[in-house]
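Colleague: Starting off with a structure, shown below.
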Amino acid sequence: MFLPAVMMNGVLLFLIQTECSLHQPMFFFLAMLSFVDLVLSLSTLPKMLAIFWFGVTIISSHSCLSQMFLIHAFSAIESGVLVAMALDHFVAIFYPLHYPTILTPVVVIKIGGLVVLSGVGLTISFLCLAHFLLYCGLHMIAYTYFEHMVVVKLGCAITTVNSLYAFAVAIFLGVGDVAFIVCSYGEIVRTVMHFPPPEAHAKAGSTWMVHVCAILFFYGPGFLSLAMQWFGSLTASAVKVILANLYLLFPPTGPHCVWSQDQADMGIAVHNTNP
């Protein structure tokens, strides 16, 4: 899964960079998504392979905190990119004739910058809170990578602030972003279903299913992994480890290429059905 994730996302970034016809907002966000998945893969999966193949189970504290920050920051950025892509679809469907004037290159860059700043800004506190936490006893975890709640459980001081902040960020990013995406695509599907001819309905349905699958690839394992951290006493350790690994293994191998083609096709179809 590591090799396809690196190869497919790398090729997709190369094609978007070199092909002038792909220099559009939808493909700019798709390139951000591929870059984020590439960073997540390179920051976690090599260590996983080292653990499984060579039994290298030791990591320095600085590497631990760096990996934790990269995982949370780029996961937050990926969630923001999915919201931006939902916004791109919304504008393409409801304002097709004004699409080039609404999502100008400057606006798209500002949206991308806002996504990056919000992702980094919300998660950099994880790094500060974990860095100043007092640790004692055996520093060993059952996972193949470090996330904030896993690191917090190694502390021997009061970790209420860490837990509450992590919960607040998870609610803000997870529930907020998912709510916006669901509302956006719900309005898109409802509107497109009123377009003639019936072929447009089938195309909208297939596109919607691809987007739902891609979103579930990211949010599904993430919510399950978070639930395991909060209600871990009710779940077997092996299940928690498997879900935690799937959270990072599945999103980078998601259907980005199919999604990009459906984005282009959907935009063309909607432009053709508008008077």
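The values are calculated or read from the model by the stated rules, or taken from the named source; none is laboratory data. None of the values given here were measured: they were computed from a predicted structure. Here the Cβ positions follow ideal geometry from the backbone for every residue, glycine too, while neighbour counts run over all protein chains shown. Only protein heavy atoms, including side chains, enter the accessible area calculation; ligands, DNA and RNA are left aside. Shrake-Rupley method; radii C 1.70, N 1.55, O 1.52, S 1.80 Å.
Colleague: Excluding L40 itself, calculate the net charge of residues whose Cβ lies under 14 Å from the Cβ of L40, where each Lys or Arg counts +1 and each Asp or Glu counts -1.
Modeller: Every neighbour counted, the sum reads -2.
Colleague: Right, here's the next one. Using 0.36 nm per residue, how much length does the chain from C128 to C156 gain when fully extended, once their Cα-Cα distance is taken away?
Modeller: Values: separation 28, 0.36 × 28 = 10.08 nm, distance 1.66 nm.
Taking 0.36 nm per residue and subtracting the Cα distance, the gain is 8.4 nm.
Colleague: Once you have the Cα-Cα distance between L97 and H23, take 0.36 nm times their residue separation minus that, and quote the gain in nm to one decimal.
Modeller: Details: separation 74, 0.36 × 74 = 26.64 nm, distance 1.83 nm.
Answer, rounded to one decimal: 24.8 nm.
Colleague: Using packing as a proxy for protection, rank 25-32, 172-179, 213-220, 56-63 so that the peptide with the highest average count of other Cβ atoms within 10 Å comes first.
Modeller: Result, highest mean Cβ count within 10 Å first: 25-32, 213-220, 172-179, 56-63.
Colleague: Same structure, new question: Could you please put I171, I109, I141, I158 in sequence from largest to smallest accessible area, using a 1.4 Å probe?
Modeller: The residues order as I158, I109, I171, I141, largest area first.
Colleague: Hey, any idea what % of the stretch 38-147's accessible area is carbon plus sulfur with a 1.4 Å probe?
Modeller: Values: 4270 of 5560 Å².
Using a 1.4 Å probe with all protein chains present, the stretch 38-147 comes out at 77 percent carbon and sulfur.
Colleague: Taking the Cβ of Y143 as the centre, find all other residues whose Cβ is under 12 Å away and add up their charges (Lys, Arg: +1; Asp, Glu: -1). Could the numbers behind the result be given before it?
Modeller: Numbers: positive: K47, K153, K240; negative: E147.
That sum, taken over residues with Cβ under 12 Å, equals +2.
Colleague: So, by mean Cβ neighbours within 10 angstrom, what's the order for 78-88, 120-130, 36-46 with the highest one leading?
Modeller: My ranking of the peptides, most packed first, is 78-88, 36-46, 120-130.
Colleague: At 7 Å along Cα-to-Cβ for each site, give me the label-to-label distance between V182 and S63 in nm.
Modeller: Distance between the two pseudo-spin positions: 4.0 nm.
Colleague: If you don't mind, there's one more thing I want to ask. Please calculate how many Å² of accessible area the stretch 1-113 carries per residue, with a 1.4 Å probe and no DNA, RNA or ligand atoms counted.
Modeller: Per-residue accessible area for the stretch 1-113 comes out at 49 Å².
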